[in-house]
Amino acid sequence: MPRPKKCRRICALPRHSSFGPLEGAADGTVEMAVEEYESIRLMDLLGCTQEECAAQMGVARSTVQQVYDTARKKLALALVEGRRLHISGGDYVLCPQGEVCPGRSCAKRDCGRGRCGCGSCSGKDDGQNSQKILK
């Protein structure tokens, strides 16, 4: 039996979920998962190390490296080939204190981290999933 997948903790959903070229039509679409977006935000925008990012997302450093590499390839593909970038879905759970998240020091608070094999963390947040998972 496979090991249950560990949900990645994110602080907040992206404010904008779709990006594309302003001139002409997009040459296809690139789908980026929310946890891939979060790895880009933490490492490239906030300057976190892979270890800090892993602690904040509640996963191993090697997992963060794989998620980050995938995200960078998708981002490059969208920029270089003029494709539309759409951010949605994935295996994540929202931090219950995400609205007041201080950025880099989020992992120092007790937000909770847990394994989830139930599928309720698969990109859907109705306000109940994160509470159920994080308790």
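(1) assigned to a strand (DSSP E or B); (2) modelled with pLDDT of 95 or more: which one isn't true of V93, the others all being true?
Exception for V93: condition (2).
Of everything in the range 57-85, what is touching a residue at least 40 places away in the same chain (Cβ under 8 Å), surrounded by 13 or more Cβ atoms within 10 Å (Cβ to Cβ) and among the charged types (D, E, K, R)? Give them in sequence order.
Those that are touching a residue at least 40 places away in the same chain (Cβ under 8 Å), surrounded by 13 or more Cβ atoms within 10 Å (Cβ to Cβ) and among the charged types (D, E, K, R): K74, R83, R84.
Looking for whichever is of a type in the set (D, E), farther than 16 Å from R9 by Cβ and modelled with pLDDT of 90 or more here; the options are E52, E31, E38. Which one fits?
Being of a type in the set (D, E), farther than 16 Å from R9 by Cβ and modelled with pLDDT of 90 or more holds for just one of E52, E31, E38, which is E31.
If I ask for residues that are outside any helix (DSSP H, G or I) and touching an Asp or Glu at 6+ places or on another chain (Cβ under 8 Å), which ones from the range 63-86 would you list?
Correct list: G82, R83, H86.
Which of the residues that make up the range 55-84 are out of contact with any Lys or Arg (no Cβ under 8 Å at 6 or more places or on another chain) and closer than 16 Å to C11 by Cα?
A55, V64
Among the residues that make up the range 19-28, is at least one of them within 14 Å of the chain's Cα centre (by Cα) and in contact (Cβ under 8 Å) with a residue 40 or more places away in the chain?
no
How many of the residues in the range 1-18 are of a type outside the set (A, V, I, L, M) and in contact with a strand residue (DSSP E or B) (Cβ under 6 Å, 6 or more places away or on another chain)?
Result for the range 1-18: 8.
The values are calculated or read from the model by the stated rules, or taken from the named source; none is laboratory data. Small disclaimer: the values here were computed from a predicted structure and weren't measured. Backbone-built Cβ (ideal geometry, glycine too); neighbour counts: all protein chains shown.
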